[in-house]
Amino acid sequence: MKERTLLMIPGPIEFDTAVLAEMGAQTTSHVAASFIEAFGQALERMRQVWQSTDGQPFVLAGSGTLAMDTAGANLIEPGDKALVINTGYFSDRFAAILERYGAQVTHVRAPIGGRPSLEEVEQALKQDHFKLMTVTQVDTSTAVRTDVQSLAALARQSDTLIVVDGVCSVAGEELRMSEWGVDVALTASQKAIGVPPGLALLVASPKAMQAFLARKTPVANYYADWANWLPIMQAYEARKPGYFGTPAVNLVWALNVSLGQILNEGLDARFKRHQAVGRACRAGITALGLDQVPLLPEFAANTLSAPRFPKGITGTDLLPRILKAGVTLAGGLHPAIRAEYFRIGHMGAATLGDVLATIGAIETALTQCGYQFESGTGVAAAMKTYHE
Ligand code: PMP
């Protein structure tokens, strides 16, 4: 029997073997000519994946939370006003980070599984002037996807910087940084970027960099300060050595390989694949009679799904049985509904085959729990929807 299970959580995901090979390769010097070339190329490729013509990429050793912390530390000064478009757990985290650096935060909240309407956001932007607004493109606690393009248009009208938490979306959901006028888009390596955990990735627009340069107070975080990292990123891109803190050398090698694979697939093809895989997964869940956390189908993310447990069945009943059937899934995360739902990640290299295996494992576990349904309906619906 296979010892390995299929990892279908919303990050870390399963990684490509060529990417993993870089992790096991002999570590080079961080100023070796070959590494400088790989890092420089990775920075250029980031700009392409983020669809930014003129943004400044940053690669730091750390997780997605460090990328959020970096945005907050460099763009907020004590007393600045910030607007948080709140769709769940990770929007709350961004608010906490901004407050830590002295921001006065206003939330536009939606009910769990919902997202604030554009009218509500427009109203909030009219009531005050905010230096920046944060949006979680996909909140991993609710599987809700926001309309970043429309929100960015509103932010631009109000001369407010728009910062996108794309940890669960960059390289999976459509994001056109320059065309949409996004000022910061950040993520972590372990999700749709397809590299093991350990890199905080961020691209800042010229407008965001100007806001940073116009600060009157020093950045209250030594490690995250762009003043320390900007010369390093510029040096690597100019194929010159630089040092502030030792980069995560093997992860950067792996990042360059993965970004190359992403660009080879083509961004539009990749977004379409995520949409097809996401639709298939949601159709399979619905066919089994399970509700989902997003309140409307158009709010649902393509990078993960969040099915609710059927009546009378708990996570303790279901998730270990799904695991035994060969698939690792994640429990709930949003504190208010944590025990009521579970999460399926389907980003990065995820295929229809992975989704079919997952829905099959869920069907097996549901049968063992005594849930009444017609065996095979979930798998059939996922397959049919994928090909539509
Ligand atoms: N934002 C979102 C939307 C996320 O999904 C996550 C991780 N699940 C984070 C931020 C935080 O990232 P990390 O766990 O890598 O610190």
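Checked against the criteria, Val249 does not count as open to solvent by less than 10 Å² (accessible area, probe 1.4 Å) and in contact with a Ser or Thr (Cβ under 6 Å, 6 or more places away or on another chain). Within region 105-117, not a single residue is within 12 Å of the ligand (Cβ to nearest atom), hydroxyl-bearing (Ser, Thr, Tyr) and assigned to a loop (DSSP other than H, G, I, E, B). Being in contact with a helix residue (DSSP H, G or I) (Cβ under 6 Å, 6 or more places away or on another chain) and either at pLDDT below 95 or of a type outside the set (S, T, N, Q) (or both) is a property that holds for Gly194. Criterion first (at pLDDT 95 or above, acidic (Asp, Glu), open to solvent by 10 Å² or more (accessible area, probe 1.4 Å) and not assigned by TED's automatic domain parsing to the domain that holds Ala300) does Asp128 satisfy it? Yes.
For first residues located in region 137-157 and not assigned by TED's automatic domain parsing to the domain that holds Ser205, partners that are aromatic (Phe, Trp, Tyr) and within 16 Å of the ligand (Cβ to nearest atom) and lie 6+ apart or on another chain with Cβ distances below 8 Å do not occur. Residue check: is Ser205 over 29 Å from Thr27 (Cβ atoms), open to solvent by less than 30 Å² (accessible area, probe 1.4 Å) and hydroxyl-bearing (Ser, Thr, Tyr)? Spelling it out, Ser205 is indeed over 29 Å from Thr27 (Cβ atoms), open to solvent by less than 30 Å² (accessible area, probe 1.4 Å) and hydroxyl-bearing (Ser, Thr, Tyr). Could you list, in sequence order, the residues of region 321-353 that are of a type in the set (Gly, Ala, Ser), within 29 Å of Asn264 (Cα to Cα) and open to solvent by 30 Å² or more (accessible area, probe 1.4 Å)? Scanning region 321-353 gives Ala349, Gly353.
Arg100 falls short on exactly one of the conditions (1) in contact (Cβ under 8 Å) with a residue 40 or more places away in the chain; (2) among the basic types (Lys, Arg); (3) within 16 Å of the ligand (Cβ to nearest atom), and that condition is (1). Cβ-Cβ distances below 6 Å connect the following pairs, each with a first residue in region 337-361 that is modelled with pLDDT of 95 or more, a second residue that is assigned to a helix (DSSP H, G or I) and open to solvent by 30 Å² or more (accessible area, probe 1.4 Å), and a separation of six or more residues or different chains: Leu352/Tyr386; Leu356/Val379; Ile359/Val379; Gly360/Val379. Only one entry of Phe271, Phe342 meets the criterion of being among the aromatic types (Phe, Trp, Tyr), within 27 Å of Glu174 (Cα to Cα) and out of contact with any strand residue (DSSP E or B) (no Cβ under 6 Å at 6 or more places or on another chain), and that entry is Phe271. Run Tyr101 past the list (1) in contact with a Gly (Cβ under 6 Å, 6 or more places away or on another chain); (2) open to solvent by 40 Å² or more (accessible area, probe 1.4 Å) and report the number of the one that doesn't hold. For Tyr101, the exception is condition (2). If the condition is being out of contact with any Leu (no Cβ under 9 Å at 6 or more places or on another chain) and within 16 Å of Asp183 (Cβ to Cβ), then region 35-54 contributes Arg47, Ser52, Thr53, Asp54.
When region 82-95 is limited to residues that are within 12 Å of the ligand (Cβ to nearest atom) and free of Cβ contacts under 8 Å to residues at least 60 places away in the same chain, the one that is surrounded by the most Cβ atoms within 10 Å (Cβ to Cβ) turns out to be Thr87. Please go through region 163-180 and pick out each residue that is closer than 16 Å to Pro57 by Cα and either out of contact with any strand residue (DSSP E or B) (no Cβ under 6 Å at 6 or more places or on another chain) or within 16 Å of the ligand (Cβ to nearest atom) (or both). Across region 163-180, the qualifying residues are Val163, Val164, Asp165, Gly166, Val167, Val170, Ala171, Leu175, Arg176, Ser178. Selection within region 333-361: residues that are of a type outside the set (Val, Ile, Thr) and assigned to a strand (DSSP E or B). The member of this set that is farthest from Ala192 (Cα to Cα) is Tyr341. Scan region 204-227 for residues that are among the aliphatic types (A, V, I, L, M) and within 16 Å of the ligand (Cβ to nearest atom) and the total you get is 1.
Residues of region 53-81 that are surrounded by 23 or more Cβ atoms within 10 Å (Cβ to Cβ) and small (Gly, Ala, Ser): Gly55, Gly64, Ala67, Ala71, Gly72. In this structure, Ala192 does not satisfy being in a loop (DSSP other than H, G, I, E, B), away from the ligand (no atom under 16 Å from the Cβ) and of a type in the set (A, V, I, L, M). Whenever a residue of region 267-283 is among the hydroxyl-bearing types (Ser, Thr, Tyr) and open to solvent by 20 Å² or more (accessible area, probe 1.4 Å), it has no partner that is at pLDDT below 95 and part of a helix (DSSP H, G or I) lying with C-beta atoms less than 8 angstrom away and at least six residues away or across chains.
The values are calculated or read from the model by the stated rules, or taken from the named source; none is laboratory data. What you see is a predicted model; the values in this text were computed from it and never measured. Quick reminder, even Gly has a Cβ in these numbers, built from the backbone with ideal geometry, and neighbours come from all protein chains shown. When the accessible area is computed, the model is the full protein with side chains, heavy atoms only, and any ligands, DNA or RNA have been set aside. Shrake-Rupley method; radii C 1.70, N 1.55, O 1.52, S 1.80 Å.
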